[in-house]
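Heads up: the structure comes next, in structure tokens.
The values are calculated or read from the model by the stated rules, or taken from the named source; none is laboratory data. The shown structure was predicted, so the numbers you read here are calculated from the model rather than taken from an experiment. A quick note on method: Cβ atoms are made from the backbone with ideal geometry, for glycine too, and the neighbour counts reach across all protein chains shown. For the accessible areas, the whole protein counts, side chains as well, though only heavy atoms, and no ligand, DNA or RNA atoms are used. Shrake-Rupley method; radii C 1.70, N 1.55, O 1.52, S 1.80 Å.
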Amino acid sequence: MKIILSILLALCPLLGFADDKKNNSDPKYLAGAVTLDDDGKISFGTEIKVESISQPELYDLMLGWANERFKPEGELTSRVVYTDKAKGDIAVSAEEYVVFSSSALSLDRTRIYYQYLIHTGDGVCRMTMTRIRYWYDENRDGGQKYTAEEWITDDMALNKKKTKLAPICGKFRRETIDLKDALFKSASDIIRQHTLTNAANMIEANAMQVPARVSVSSANPSGELKDAKIEQLPANLNEIAEKGRITLTANEEEVEIKAENWGGFGKLFNKDVAYILVDQSKIAISALAEHAELYTVSFYMPGNAQASITISCKKAMSNEMTAEELKSLNQAIDPSKSYKMYIGEITGIQMR
């Protein structure tokens, strides 16, 4: 009995018993999840729009991420093997372990090799994971070596009906897709965080400036709205936001927003921009901000029925943010909520 049990335990990884608790029918792993490039090699790619970071800055950001993510560890020799800042290209030779299951009785894993290519351009970052190979069960008589093309394609890694992952090959396909998703998300998160940090720094820098502009008390609430420049806006605009009212108007709809929703001003590619911060739990405000390309933020002084200042914007970009990420903005924000920052190019300003 002990001999039979030992044999079964040894065969568990090979037979795929450890996969039983995995979701082998998730659509993300099924037909179409694995794609081929022009050379017939399995290749996963993604493209991230990066409108607020210059190409040299984006290149340095991604090179820093790649050097941190892909570095030698023990006998694994992941590293950046090629860089060209002028062209914006980075190439990585990666080697790491993918663990299928682990317990006190067994460790089921494979060594995976792949190339990770990064291209940074003006307003875009493209990433590709390709040339994927496996060295499975290397500690048992040298193990087995496979290429992704012969091991995780639809024909090999799915059942005949293409409705479930097949045993053995299926787990390679599943974990490879999960690794790809994790890599793309990690790089995307770095870009997103850098964008948010830049935005926060611009807002903070703008808030620290004390230009010689009119104050709320000297504005003319009863006059007509007239075109103005950003330099003419009241230095105490945040005070108006806190003591008066603010509205967001778009697509012929108007909703009232709070002082915490107003972010401030900054520069984006040398253009004046305004920031608004929308609590994602506020459905009406969130929907209006999400679907509008053009919108207006209006400021009302205390007790006035007419807007004293209107700022018209064209949406440039947006980023989801947590309250933790907003701390540098000094906003009185509920930390249990999540927010989305909308950055709008200022197309017009009017004041009374």
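A few remarks follow.
- For LEU225, the solvent-accessible surface computed with a 1.4 Å probe is close to 60 Å², ligands and nucleic acids excluded.
- Straight-distance candidates among the lysines for linking to LYS28, with alpha-carbon spacing under 20 Å and chain neighbours fewer than 8 residues away dropped: LYS41, LYS160, LYS161, LYS162, LYS164, LYS171, LYS180, LYS185.
- Normalised by residue number, the volume inside the convex hull of the Cα atoms of the range 22-115 is 175 Å³ per residue.
- Contour excess over end-to-end distance, with Cα ends at SER102 and THR197 and 0.36 nm allotted per residue: 30.3 nm
- Placing a label point 7 Å from the Cα of SER54 along the Cα-to-Cβ direction, the residues of the range 121-159 whose backbone N falls under 16 Å from that point are 121-124.
- Residues of the range 273-315 with an amide N closer than 18 Å to a point placed 7 Å from the Cα of SER336 along the Cα-to-Cβ direction: 279-283.
- Solvent-accessible area per residue for the range 85-202 (1.4 angstrom probe, square angstrom): 46
- Here the simple spin-label model places points 7 Å from the Cα toward Cβ, and for GLU75 and GLU256 these points are separated by 6.9 nm.
- Low-density loop cleavage sites - GluC sites (Glu not before Pro) in the range 55-111, where at most 11 other Cβ are within 10 Å (DSSP): GLU75
- Efficiency of FRET from Cβ geometry, ASN270 and LYS164, R₀ 41 Å, rounded to 0.05: 0.15
- Accessible area of LEU117 in the full protein assembly, 1.4 Å probe (Å², nearest 10): 70
- Nearest-0.05 FRET efficiency for GLU149 and ALA86, computed from C-beta distance (R0 22 Å): 0.10
- Each residue was assigned an accessible area with a 1.4 Å probe, and for VAL81 the value is about 80 Å².
- Put a dot 7 Å past the Cα of LYS41, heading toward its Cβ, do the same for LYS243, and the two dots end up 6.6 nm apart.
- Relative contact order (%) - criterion: Cα under 8 Å, at least six apart; region: the range 133-197: 18
- Extending 7 Å from the Cα toward the beta-carbon at both SER188 and ASP227 defines two label points whose distance is 4.1 nm.
- Loop-located trypsin sites (Lys or Arg not before Pro) in the range 68-147 whose Cβ has at most 16 other Cβ within 10 Å (DSSP): LYS85, LYS87, ARG140
- Accessible area in the full protein assembly, largest first, 1.4 Å probe, for TYR146, TYR116: TYR146, TYR116
- The value of relative contact order for the range 78-160, using C-alpha pairs under 8 Å at least six residues apart, is 19 percent.
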